[in-house]
Structure formats: structure tokens, C-alpha cells
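Novice: Provided herewith is a single structure, encoded as C-alpha cells, for subsequent inquiry.
All of the numbers you see were taken from the coordinates with simple rules; none came from a lab. From a predicted model like this one, the values you see are computed outputs, not experimental measurements. Note that we place each Cβ from the backbone using ideal geometry, even for glycine, and neighbour counts take in every protein chain shown.
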Amino acid sequence: MKKLKGVAASRGICIGPAFQFLRTELNTEKIETNDPEAEIIRLDAAIKTAKDQIENIYQKARGESSAADAEIFQAHKMILDDPEMISAIKTRIVDERVNGEFAVAETAKTFAATMAAMDDEYFAARATDIMDVANRLLRVMMNVAESPTEGLQEPSIILADDLTPSDTVLLDKTMVLGFCIAQGSATSHTAILARGLGLPAVAGAGNDVMQIKSGTKMIVDGSNGLVFLDPDAATEQEYKRRKETSQNLQAEALKFAHEHAKTIDGAEFEIVANIGNVEDAKFAVENGAEGVGLLRTEFLYLERNSLPTEEEQYKAYKAIMDVFGDNPVVLRTLDVGGDKEIPYLHLEKEMNPFLGERALRLCLSRPDIFKPQLRAALRAGVGHNLKIMFPMVATLCCVRDAKAVVDECKAELREEGIPFAEDAEIGIMVEIPSAAVIADQLAKEVDFFSIGTNDLSQYTMAADRTNPKVAKFSNAFQPAVLRLIKMVIKAAHEEGKWVGMCGELAGEPLAAPILVGLGLDEFSMSPPFIPLVKQIIRNLKADEMVALAEAVLQLEAPEDIQDFVRKEIPFIGEIAS
Ligand code: PEP
Ligand code: MG
């Protein structure tokens, strides 16, 4: 038996075979060929396979997601049936005597560029479709896996150096037991994804992860950041027992997931979800979410080759809003940069991307990105309870500038006679320490705050959230972070504004009593955590938690704080173990 130590990235235990996901880049270099005929036969076979794949995805999308999503795949099939494009590829192979990959890539670029140049939303979307289809064709030709789960025969534990948000979009969730990742920390995006799915994950387990052979039996203990390879019988037995206990706790909490989170002494808290798409939305409702506290819109911008149009965004946001009816949906405007890259934006490389032109900073300098998103959100909010939230706010000026763009969009929509959510609340994420420090001023400017503890911890502690070596610093239980949270809640309440939290701390069992004591109004978390956090809150007395929070803020280290909560409220210790 071998043991690896990493970072506890997503709670829970899984036992099963390992599966190495190796990413391969698509290489479309020009190679001369003496046998164009053979290239054409290869191309035709790849087209057939790609069409079969699309048909499968289409059938799956029809069953799972909105009609609009499914229609995209119909459009993709039509591209592969388009005689003009296919014969252009073949002509290139024959005339230039080049390999199929080069011909596909170059022809697709030309066709897509022509569409994109038409300056029309419909054709811009077609350009994206052409590039999507071309990439599929290229993957088939090069025998490159489309997703981390392609080729998997049985549910397994995914091993990878790291996963990008795009990899995770393509994951076949039914084939994943959990994750063991060489890089990253508790708030990296792989960790957030794992939590969203309710799957155990260990991150930052080091390069040894890459040496593990597919098929090796493993245990991932996502609660304690431990990984066992070829476990001995006693260890496996113990973990099976723990897994069963935690599954029972979760199943019990799930029975009451739709009841409110009201403490014994009658204080009620709003429990909402962090989501990224319409599937998450449905899953969140099943888990008892009373709305959405964080809609991470960047997922709409991934896995494609150009910006989503206003119309596409409108449809996607509306589909999500429809799931929640009158319940609140906090839509966060685009938060790219840092560890979230979007290649087609061709953003300049920065020395410190987490400290660079990220999120709202980028949106304010790119109205071509910002305005279509705001217009789409405002339109989708009609008849719903939309709240718009800006990420990465550092100054009052940023908020005022962003609000001015919202007003501009509203004026345009009014002028065009297009209905929109007139009264959507406007809020900000408090995730940069400067925003926490001037929370009293910011509270006058907005309707609400949502505390982003993932970034607030990394910026307060000067510790990269993706670097496992400094994971102990970028920990939201650090006293400095908790004290900032207290300041932010107090400043907002003094202005009569509500405060939520959408960073990962909001879903931590050991944090729940502290946050209740500090008077947080709304807790937003990955859907699988909702039932347990509600259950915990229902068993607390809010009055007593005020004193607990005060005591906690005098302690000196995250471990002291967690131990204190475990000791004071033993039933939480059991849940969080
Ligand atoms: C945060 O920073 O706490 C947050 C919720 O946003 P993200 O993790 O997407 O940066
Ligand atoms: Mg953030």
C-alpha cells in the first residue's frame, strides 16, 4: 500500500480503479502526402464517425437539456453534410497534396472567418459551430480523446495533472467516482467542479499522481486530502465503513432538504446554490436550493471558438431562470482571467494573471463582451427574480462604472422596445481585501454583497489558490479572513443591505455555526452540500452562535478554530470528519 498526501478538495470517500487522463494537443501542421486518395478515404471515415458521435450527443441532449442545446447538434450535423465545405477540404488535399488534418483546419478557418465577417449574430454563431465541428473531426482523425472520460469502461477515479474548466464540461459524470489531481488546491476549479458533482477529490497530490497506472486500485479520502494506492484489507475495510456512515448522513439530510434552514430559536437563513448551467440548476432544486447565489456564467464561454451571442446567452440564462421561477438568481458577470482562460479572446499574457485585468476589469475595457452579457441577463430576468453581480471589485469607481454600463444597456433596450427586468438588484462580490476594507462605502452603492472567500483568502493571505504548497495559507478559516468577513457583514447591515457568501466556506459544515453567529443572510454552495448545511443550521441556536463567533475570532490559527467548533458542537465534528 502506498499513501499520498494532498489537499482536501472535495469531501467524501471513493474506492475504485484509477484512470489516467492524458491531454493531447491537436496538431494540424502541414505535411505533404504522396497519396491524396488515402487521405480522402481517411477523411470520409472520420466524417462518418464524427456524424455518429454528434447523433449520440444530440439524442442525449434531447433527453437532458433544453431544446436549444439539442438544436446546436442538429446544426453541427448539417455542417458535415454541407457539400461545399467538404468538397473544399477534398480539393485542398488533392490540389496541395497535403494531409487531411491540415486541410480540415485551414478550410474550416476560412469558412468560419467568412461567417464571422458578416457582422451578424446568426452568422457569428455559425462560425463557432464550424470550428466546433472541425475540432471534432480533427480529434477523430488523430484519435484524441474528447473528454477525460472517453475510453473508460467502468466508473473510475480520474487522475490528471489538472483539469481545465473545458475538460470538465465534457466529462461523463456517470463514469467518475472521484478525482486525484497533481496540481491545484481546495479552491481551484477542479475542486469546485468536484464539489458541484458531490464527488470526492484530492488536489495538489504532486507529480507521483502521473506515475499511477490506470487500473490501480485506489482510495480517495477527499475530506482529509489522502490517497491510498493498492490499499491493504484493513484500510479498505475502514474506509468502506466511513463511506457508508457519510452516505447515510447525506441520505438522512436529503429527506429534509426542502425544509427551511431555521435555527431552534427561529432565525432563518437563505440557502442557495452555486451553479454553472441548467443541469446544475435542476440538481440544485432537487437538493433543496432556494435559489441561486452564484451563477458562474463563464461556463457559457468555454468549449467554443468565439464569444456567445446575446441571443445564445439570453436563451441559456432564461432556461436557468425558468427553473427557479420567482426564487432569486444571482447572475455573476463574466469572470475570466486568473486560472480561467478563454483562448479565443487572445488576451495578452500577464506576469500575474490573478492580479491582472481579470473579470470586471476586463469587462469594463471590453464593452463588446460586457454589454451583450448584461443585455441578455436583463432580458432573461423578465418575470423572474434576477440579481446581477460583478466579480473582482476593488474600488468604488469600478462599481459606478459597471452600473453606468447597466444603465446604458437598459436605455438601449427601452429605446428598442425590448422588455427587460427593470428592477434587477445590483450587487458585488467582496473578494478583494480592498473591497472588504471599504465595505461601508461600497454598501451605499449596491443592493447586496456576496463574499467570495476563495479569492478573498488568496488575496488576503497572498497565497495562490492553485498552488498546493501554500494551501495552508489560502484557507478561509484563517483568522484574518474571518475578521474581514465580520467587517463586511457589519458594514452591509449598517446600510440595511443583505450579505451572502458564495465562496467555498459557505458550504463547510465547520463554518456554518460561525457564519450564523456573524449574521450572514444567505449561504450559497455546491448543491450536494445544501441538505447537510440546512440540517446543521436547524440544530443550532443563533443566539449562542453569536458568542461562538466572537470566541472564534480571538483564536490564532485555522486548526484552533476548527477544533473549537468541533468541541463546542460535537455533531458537526462527525459530519465534517
Ligand atoms: C470566490 O472567489 O470565492 C468565488 C466564489 O468565485 P470563483 O471561485 O469563481 O473565483
Ligand atoms: Mg472569485
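Novice: Please find the FRET efficiency linking Lys48 to Glu279, where r is the Cβ-Cβ separation and R0 is fixed at 41 Å, and quote it to the nearest 0.05.
Specialist: Once rounded, the FRET efficiency stands at 0.90.
Novice: Follow-up question, since we're still on this one. Need one number for the chain: average projected area of the convex hull over its C-alpha atoms, nm².
Specialist: 26.5 nm²
Novice: How high is the FRET efficiency between Glu494 and Lys255 when r is their beta carbon distance and R₀ equals 56 Å, given to the nearest 0.05?
Specialist: Efficiency, rounded to the nearest 0.05: 0.90.
Novice: Compute the label zone of Asp440 within the stretch 494-521: residues whose backbone N is under 13 Å from the point 7 Å along Cα-to-Cβ.
Specialist: Residues 494-495 fall inside that zone.
Novice: Cα to Cα, under 17 Å, and not fewer than 8 places away if on the same chain: which lysines meet these conditions relative to Lys173?
Specialist: Lys60, Lys282
Novice: Amide H neighbours of Ser450 under 5 Å, counting only residues 5+ apart in sequence or on other chains, H built in-plane at 1.01 Å?
Specialist: Ile428, Met429, Val430, Gly500
Novice: Let me ask something else. Compute the signed sum of charges (Lys and Arg +1, Asp and Glu -1) over the other residues within less than 14 Å, Cβ to Cβ, of Ile93.
Specialist: Cβ neighbours under 14 Å give a net charge of -4.
Novice: If you don't mind, another one. Could you check the simple spin-label distance between Glu412 and Asp563, using points 7 Å along Cα→Cβ, in nm with one decimal?
Specialist: Calculated label separation equals 5.7 nm.
Novice: Within the chain, what's the longest run with no trypsin sites (Lys or Arg not before Pro) in a DSSP loop and at most 11 other beta-carbon atoms within 10 Å? Give the range, please.
Specialist: 350-577
Novice: Sticking with this one: Principal axis lengths of the stretch 176-232 from Cα atoms, whole Å, largest first?
Specialist: So the extents along the principal axes, rounded to whole Å, are 29, 21, 19.
Novice: Cα to Cα, under 21 Å, and not fewer than 8 places away if on the same chain: which lysines meet these conditions relative to Lys5?
Specialist: Lys213, Lys217, Lys240, Lys243, Lys469, Lys472
Novice: May I pose another question? Straight distance only, please: which lysines reach the Cα of Lys410 with their own Cα at less than 25 Å, same-chain residues fewer than 8 apart left out?
Specialist: List returned: Lys315, Lys318, Lys371, Lys387, Lys444, Lys497.
Novice: Further question on the same structure: Please list, by residue number, every one of the GluC sites (Glu not before Pro) in the stretch 223-280 that is coil in DSSP and has at most 16 other beta-carbon atoms within 10 Å.
Specialist: Qualifying residues, ordered by number: Glu259.
Novice: Using the basic label-point model (7 angstrom from Cα toward the beta carbon), what is the Glu348 to Ala117 distance in nanometres?
Specialist: Reported label-point gap for Glu348 and Ala117 is 2.8 nm.
Novice: Stokes-Einstein D for the stretch 249-576 at 20 °C, 1.002 mPa s, Kirkwood Rh over Cα pairs, in µm²/s?
Specialist: Roughly 107 µm²/s, to the nearest whole number.
Novice: Relative to the first principal axis of the alpha-carbon coordinates of the chain, what is the inclination of helix 100-116, with its axis defined by its Cα atoms, in degrees from 0 to 90 and to the nearest 10?
Specialist: 70 degrees
Novice: Between helix 558-568 and the chain, what is the angle of the helix's C-alpha long axis to the longest principal axis, kept within 0 to 90° and rounded to the nearest 10?
Specialist: That works out to roughly 60 degrees.
Novice: While we're here: Quick check on the exposure proxy: order Asp440, Asp280, Asp339 from fewest to most C-beta atoms within 10 angstrom.
Specialist: Lowest to highest Cβ neighbour count: Asp440, Asp339, Asp280.
Novice: At a Förster radius of 56 Å, what calculated FRET efficiency corresponds to the Cβ-Cβ distance of Asp82 and Thr235, to the nearest 0.05?
Specialist: Calculated transfer efficiency: 0.50.
Novice: How large is ³J(HN,Hα), in whole Hz, for each residue of the stretch 502-516 in order, when computed from phi with the Karplus curve 6.51 cos²θ - 1.76 cosθ + 1.60 and θ = phi - 60°, using x for Gly and Pro?
Specialist: 10, x, 4, 4, 4, x, 7, x, 5, 8, 3, x, 5, 5, 4
Novice: Quick one: go through the stretch 445-479 and flag any residue whose amide nitrogen is under 18 Å from the point 7 Å out along the Cα-to-Cβ line of Arg400.
Specialist: Counting backbone N atoms under 18 Å from the label point, the list is 445-447.
Novice: Calculate for the chain the 222 nm mean residue ellipticity that helices alone would give, adding -39,500 (n - 2.57) per DSSP H run of length 4 or more and normalising by residue count, nearest 500 deg cm²/dmol.
Specialist: -15500 deg cm²/dmol
Novice: Can you sort Tyr58, Tyr459 from fewest to most other Cβ atoms within 10 Å of each residue's own Cβ?
Specialist: Final ranking by Cβ density, sparse to dense: Tyr58, Tyr459.
Novice: Which whole-Hz ³J(HN,Hα) couplings does the stretch 32-46 yield from phi under the Karplus relation 6.51 cos²θ - 1.76 cosθ + 1.60, θ = phi - 60°, glycine and proline marked x?
Specialist: 6, 10, 8, 10, x, 4, 4, 4, 5, 5, 4, 4, 4, 5, 5
Novice: Follow-up question, since we're still on this one. For labels at Val144 and Glu32 in the simple 7 Å Cα→Cβ model, what's the distance in nm?
Specialist: Reported label-point gap for Val144 and Glu32 is 2.5 nm.
Novice: Same structure again: Of all DSSP beta bridges located in the chain, what percent are antiparallel, nearest 5?
Specialist: Among the beta bridges of the chain, antiparallel pairing accounts for roughly 35 percent.
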